[in-house]
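Have a look at the structure below, then the notes.
Nothing in this text is a laboratory measurement; each read-out follows from the coordinates by a stated rule. None of the values given here were measured: they were computed from a predicted structure. So basically every Cβ, Gly included, is an ideal-geometry build from the backbone, and we count neighbours across all protein chains shown.
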Amino acid sequence: MQLNSFDEWSPLREAVVGSAENYVSHDRELSFDLFFHDNIAQDNTSRSEWYYPRLSSRTDRSGEAAGGRVPVKQQYVDELNEDLECIAEALRSLSVTVHRPTNVAAATTEVRTPAWSASVVPPLNVRDNTLIVGDEIIETPPMIRSRYFETHLLKPVFQEYFRRGARWTVMPRPLMTDASFDLSYVRTSTAGGPTEPIEDPQPSPYDVGTEMMFDAAQCLRLGRDIVANVSTSNHALAVDWLERHLEGRFRVHRVDRLSDSHIDSMVVALRPGTLLVRSPEVVEKLPKALRSWDTIVPPEPESDNFPEYDDDDLILTSPFIDLNVLSAGPDTVLVNDACPELMRKLERHGFTVVPVRHRHRRLFGGGFHCFTLDTVRDGGAEDYLD
């Protein structure tokens with residue numbers, strides 16, 4: 001089929017499901033800690049450190065001293081890959097064609113540019129770095145150094161859609177030196193802060209000042225309208241680019257600091273007129289036309305919904321991660337089977353719930369929406385906000 005995806009809910013025909021093969025570690029360097037700032041500060045009480053390795057010190061990639069590399073236990077990776085296959089099978093059972101990215105090779109342990117190096121991350125959260133708008137693939141400028149070349153692992157999928165007629169665009173790639181990052185969010189956030197000042201970024205010969213950095217998962221797609229979460233000047237620059245690129249085809253609406261990063265950790269559009277939101281306060285930050293939509297607030301997460309972890313395991317997402325559901329159609333939603341309260345609430349609102357296992361969502365930074373990239377849906381450039 002030809003690439004066609006305008007919204008989050010139309011009947012789903014084709015999707016990419018991510019891979020966690022050879023997921024070895026998290027690299028606690030500047031971009032990682034900025035991205036996961038709120039949850040690292042709040043949800044890892046046994047860890048008092050705030051890593052901030054200087055670019056000039058990154059000479060040894062063998063251990064913690066060079067970059068704060070935190071190993072990921074193989075058991076978690078194996079179980080995550082089992083659960084990813086459960087997602088793929090659930091979609092196939094709904095007659096969705098499932099594509100998978102190329103696995104990162106075991107020998108590929110590092111991402112390196114002229115300015116920095118970081119441990120590599122597999123193509124797990126495939127939603128994050130690719131925005132599908134209608135018949136166009138847009139690779140977005142990454143926000144975490146480890147993920148700089150992640151979309152290369154989706155190129156076989158993208159190439160096939162391009163052969164079928166899709167447009168394919170890559171947004172400008174940032175150099176991602178220390179000077180590239182807007183630190184205002186973590187300076188003003190009340191979630192906690194670094195034990196080492198981050199007002200002293202180290203200079204690099206590659207510095208160009210603040211650059212555009214923006215994940216596609218900061219966008220909520222609503223037909224011809226896109227709602228974009230903007231928390232830093234990095235995001236704002238990227239949305240400037242997006243507005244100019246899509247002018248005349250899509251309308252882009254900005255929301256201010258709805259979250260530190262991805263909008264789908266706060267709000268998911270389930271069908272025209274219905275939103276799943278973390279709290280009523282979220283609605284007040286949305287564009288005026290969306291505030292009149294029906295809202296579903298999920299039940300408070302229960303502690304027994306999550307596995308217990310060791311002190312050396314790094315928690316990356318909030319307990320509200322299971323809000324990150326995937327719509328396979330306007331009335332069909334994939335939901336974590338560990339959340340019966342959420343499933344019952346969605347059923348009371350007329351949705352058919354497809355329960356799917358997903359155990360370690362707090363360790364790997366994503367739910368069903370994050371782990372999938374819908375490439376073909378039935379919908380078009382409808383106007384849902386007028």
Explain nothing, just the number: dipole magnitude of the chain about its Cα centre with +1 on each Lys and Arg Cβ and -1 on each Asp and Glu Cβ, in debye rounded to the nearest 20. 1000 debye
So if I take the alpha carbon set of segment 247-353, get Rg, then get Rh from the Kirkwood formula, what is the Rg over Rh ratio? 1.00
With r defined as the distance between the Cβ atoms of ARG254 and GLU160 and R0 fixed at 51 Å, what FRET efficiency is calculated, to the nearest 0.05? 0.95
Which of VAL96, GLY367, VAL267, positive extreme of dipole for the chain (C-beta unit charges): VAL96
For the chain, give me the percentage of DSSP beta bridges that are antiparallel, rounded to the nearest 5 percent. 55 percent
In which sequence would ILE87, ILE138 go, from the one with the fewest C-beta neighbours within 10 Å to the one with the most? ILE138, ILE87
Mean residue ellipticity (222 nm) of the chain, computed from DSSP H runs ≥ 4 via -39,500 (n - 2.57), nearest 500: -6000 deg cm²/dmol
Place a label point 7 angstrom from the Cα of SER95 along the Cα-to-Cβ direction, then list the residues of segment 335-377 whose backbone nitrogen is under 16 Å away. 376-377
Top of SER19, SER265, SER292 by mean-square fluctuation, Gaussian network on the chain, Cα under 10 Å: SER292
How high is the relative contact order of the chain? Use alpha-carbon pairs under 8 Å, at least six apart in sequence, and give a whole percent. 25 percent
Env charge @ LEU270, Cβ radius under 11 Å, K,R +1 / D,E -1, value -3
Cβ-defined net charge surrounding LEU237, 10 Å radius [Lys, Arg +1; Asp, Glu -1]: -3
